[in-house]
1. On the basis of being open to solvent by 20 Å² or more (accessible area, probe 1.4 Å) and either in a helix (DSSP H, G or I) or under 19 Å from P120 (Cβ atoms) (or both), does E53 make the cut?
2. Mind listing just one residue for me: the one in the range 17-34 that is open to solvent by 50 Å² or more (accessible area, probe 1.4 Å) and outside any helix (DSSP H, G or I) and, of those, modelled with the lowest pLDDT?
3. Residues that are free of Cβ contacts under 8 Å to residues at least 60 places away in the same chain, among the aliphatic types (A, V, I, L, M) and buried (at least 18 other Cβ atoms within 10 Å of the Cβ): does the range 117-126 have at least one?
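The values are calculated or read from the model by the stated rules, or taken from the named source; none is laboratory data. All of these numbers come straight from a predicted model, not from anything done at the bench. Note: ideal-geometry Cβ built from the backbone for every residue, glycine included; neighbour counts use all protein chains shown. Surface accessibility is based on the protein's heavy atoms, side chains included, excluding ligands, DNA and RNA. Shrake-Rupley method; radii C 1.70, N 1.55, O 1.52, S 1.80 Å.
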Amino acid sequence: MTDAIDRRTFIARSAAASLGVGVWGAFPALRHSVAPSDRILVGVMGVNSRGSELAHGFARAGAEVAYICDVDSRAIDTAIAALSGVQERRPEGITDFRRALDDDAVDALVIAAPDHWHAPASILALQA
């Protein structure tokens, strides 16, 4: 049995996690080591509270947080510092989430920004 999961399973489990199942319940296959080529790369948008917890949860579950995005640089610094002991690679801090969408290696965008950003960010992420 392989430890890696495919992207379709990742998206389904991500949806379950956002509905309150919890990251550990949604990502049992990611608790084990995954080959770097099979690792899911995510960007997290809006890390002042819930987004920071989501970034930490995704990293603990085995996904790699590649980008931390927020308009507040203090929130970016805090979220990056919280991930330092959880994943090896330091995420890049950005203020414009579209930079994360420009990276073809990014598999998903976690949107924890205020409600009025959910639809525009989702549409741009799906287009990317």
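1. yes
2. Once the filter is applied, the top-ranked residue is H32.
3. Looking for residues that are free of Cβ contacts under 8 Å to residues at least 60 places away in the same chain, among the aliphatic types (A, V, I, L, M) and buried (at least 18 other Cβ atoms within 10 Å of the Cβ), one finds at least one in the range 117-126, hence yes.
Yes/no per residue for (1) open to solvent by 30 Å² or more (accessible area, probe 1.4 Å); (2) modelled with pLDDT under 90; (3) assigned to a helix (DSSP H, G or I); (4) within 24 Å of Q127 (Cβ to Cβ):
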site: A15; (1), (2), (3), (4): yes, yes, yes, yes
site: S37; (1), (2), (3), (4): yes, yes, yes, no
site: A81; (1), (2), (3), (4): yes, no, yes, no
site: D96; (1), (2), (3), (4): yes, no, no, yes
site: D104; (1), (2), (3), (4): yes, no, no, yes
site: V110; (1), (2), (3), (4): no, no, no, yes
